[in-house]
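Chemist: Provided herewith is a single structure, encoded as structure tokens, for subsequent inquiry.
The values are calculated or read from the model by the stated rules, or taken from the named source; none is laboratory data. A quick note: this is a predicted structure, and the numbers were derived from the prediction, not measured. Every residue, glycine as well, gets a Cβ built from its backbone with ideal geometry; the counts of neighbours run over all protein chains shown. Side chains included, ligands, DNA and RNA excluded: accessible areas come from the protein's heavy atoms. Shrake-Rupley method; radii C 1.70, N 1.55, O 1.52, S 1.80 Å.
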Amino acid sequence: MEQVRATSIVKVLGTQASPFANRVLIALNVKSVDYEFIQEDMSNKSELLLKSNPVHKKIPVLIHGDNTICESLVIVQYIDETWTNGPSILPSNPLDRAIARFWVAYIDDKWLPLMSDLGKAQGEEAKLEVQEKLQEALVPLEEAFVKCSKGKSFFGGDNIGYIDITLGCILGWIKAIKIMLGIEIFNVTKTPGLVNWGDRFLEDKFVKGAMLEPEKLVEILKLHLAKREANNAN
């Protein structure tokens with residue numbers, strides 16, 4: 001039964017600029033799963049998206065055969081449990097798996113909202129205040145990296161795992177923000193391990209092609225800021 005499910009057609013609804021959709025694409029790459037990526041226009045959501053995720057009407061959505069799975073981290077766990085022949089994304093040890101889930105929740109519940117705050121911050125002083133909070137909130141993750149990686153390249157050890165995918169999906173936007181606004185979030189003094197980890201993550205074969213280059217994201221960021229300024233003027 002599992003083999004039949006695993007060989008069904010796989011589609012992903014999302015945008016390449018979305019870090020949450022990137023999580024799904026990277027996880028599928030880790031498992032060497034062929035998929036069709038369907039680019040969504042979030043200003044004009046498709047009938048397929050509205051039908052596939054009627055509750056939240058958001059991306060990403062994984063369509064696997066006749067089944068639809070929503071929410072990026074739920075999808076990543078589903079991928080890990082469905083395609084068992086590839087490298088494991090979540091640790092096999094129950095304690096290590098619990099620790100990974102703890103830090104993933106920390107990233108999504110505590111750290112990522114600060115990225116949203118940075119986007120909303122008006123003025124240099126407000127941006128610097130959020131930048132400081134972002135850098136300080138990464139310090140516990142620096143310590144977690146040392147413990148989880150056990151001296152290896154990634155949180156997941158030799159290969160990227162659950163925490164790597166969850167945090168790494170935002171690295172393109174972090175580089176784009178630095179290029180565009182001069183704001184540094186990963187600080188080599190405060191979190192040197194994460195700085196080096198980030199470079200390795202972006203060079204990983206499973207990540208390349210799943211995420212847009214920072215320069216492309218800069219173009220998207222410029223359009224977003226211009227639109228926001230126009231709305232504020234009106």
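Chemist: In the range 57-69, how many are open to solvent by 30 Å² or more (accessible area, probe 1.4 Å) and either among the aromatic types (Phe, Trp, Tyr) or part of a strand (DSSP E or B) (or both)?
Modeler: Count: 2.
Chemist: For residue 103, all conditions in the list (1) more than 18 Å from residue 37 (Cβ to Cβ); (2) modelled with pLDDT of 95 or more; (3) open to solvent by 50 Å² or more (accessible area, probe 1.4 Å) hold save one; what is the number of the exception?
Modeler: Looking at each condition in turn, residue 103 falls short on (3).
Chemist: Residues to consider are 129, 125; find the one that is loosely packed, with under 12 Cβ neighbours inside 10 Å and assigned to a helix (DSSP H, G or I). Give the steps one after another, and end with the answer.
Modeler: On the way: 129 fails: loosely packed, with under 12 Cβ neighbours inside 10 Å.
Checking each option against the conditions leaves just 125.
Chemist: If you don't mind, there's one more thing I want to ask. Inside the range 128-149, can you point out the residues that are farther than 14 Å from residue 106 by Cβ and among the small types (Gly, Ala, Ser)?
Modeler: 149
Chemist: What about residue 96, is it acidic (Asp, Glu), more than 24 Å from residue 39 (Cα to Cα) and under 20 Å from the mean Cα position of the chain (by Cα)? Before the answer, list the steps.
Modeler: Numbers: acidic (Asp, Glu): yes; more than 24 Å from residue 39 (Cα to Cα): yes; under 20 Å from the mean Cα position of the chain (by Cα): no.
Spelling it out, it is not the case that residue 96 is acidic (Asp, Glu), more than 24 Å from residue 39 (Cα to Cα) and under 20 Å from the mean Cα position of the chain (by Cα).
Chemist: Checking residue 74 against (1) closer than 22 Å to residue 160 by Cα; (2) part of a loop (DSSP other than H, G, I, E, B); (3) without any contact (Cβ under 8 Å) to a residue 24 or more places away in the chain, which single condition isn't satisfied?
Modeler: (2)
Chemist: Test residue 222 against the stated conditions and say whether it is more than 18 Å from the chain's Cα centre (by Cα) and free of Cβ contacts under 8 Å to residues at least 40 places away in the same chain. Don't jump to the end; show me each part of the working.
Modeler: Numbers: more than 18 Å from the chain's Cα centre (by Cα): yes; free of Cβ contacts under 8 Å to residues at least 40 places away in the same chain: no.
Considered against the rule, which asks whether it is more than 18 Å from the chain's Cα centre (by Cα) and free of Cβ contacts under 8 Å to residues at least 40 places away in the same chain, residue 222 comes out as no.
Chemist: Same structure again: Could you count how many residues in the range 1-31 are outside any strand (DSSP E or B), under 17 Å from residue 46 (Cα atoms) and at pLDDT 95 or above?
Modeler: 3
Chemist: Follow-up question, since we're still on this one. Would it be correct to say that residue 50 is modelled with pLDDT of 95 or more and over 29 Å from residue 201 (Cα atoms)? I'd like the intermediate steps shown before the answer.
Modeler: Details: modelled with pLDDT of 95 or more: yes; over 29 Å from residue 201 (Cα atoms): yes.
So residue 50 fits the description; yes.
Chemist: For residue 90, work out the one condition from (1) at pLDDT below 95; (2) not in a helix (DSSP H, G or I) it doesn't fulfil.
Modeler: It is condition (1) that residue 90 fails.
Chemist: Kindly establish whether residue 36 is surrounded by fewer than 19 Cβ atoms within 10 Å (Cβ to Cβ), free of Cβ contacts under 8 Å to residues at least 12 places away in the same chain and not β-branched (Val, Ile, Thr).
Modeler: Values: surrounded by fewer than 19 Cβ atoms within 10 Å (Cβ to Cβ): yes; free of Cβ contacts under 8 Å to residues at least 12 places away in the same chain: no; not β-branched (Val, Ile, Thr): yes.
The answer is no for residue 36.
Chemist: Counting just the residues of the range 170-202 that are open to solvent by less than 40 Å² (accessible area, probe 1.4 Å) and part of a loop (DSSP other than H, G, I, E, B), which one comes out farthest from residue 146 (Cα to Cα)?
Modeler: 183
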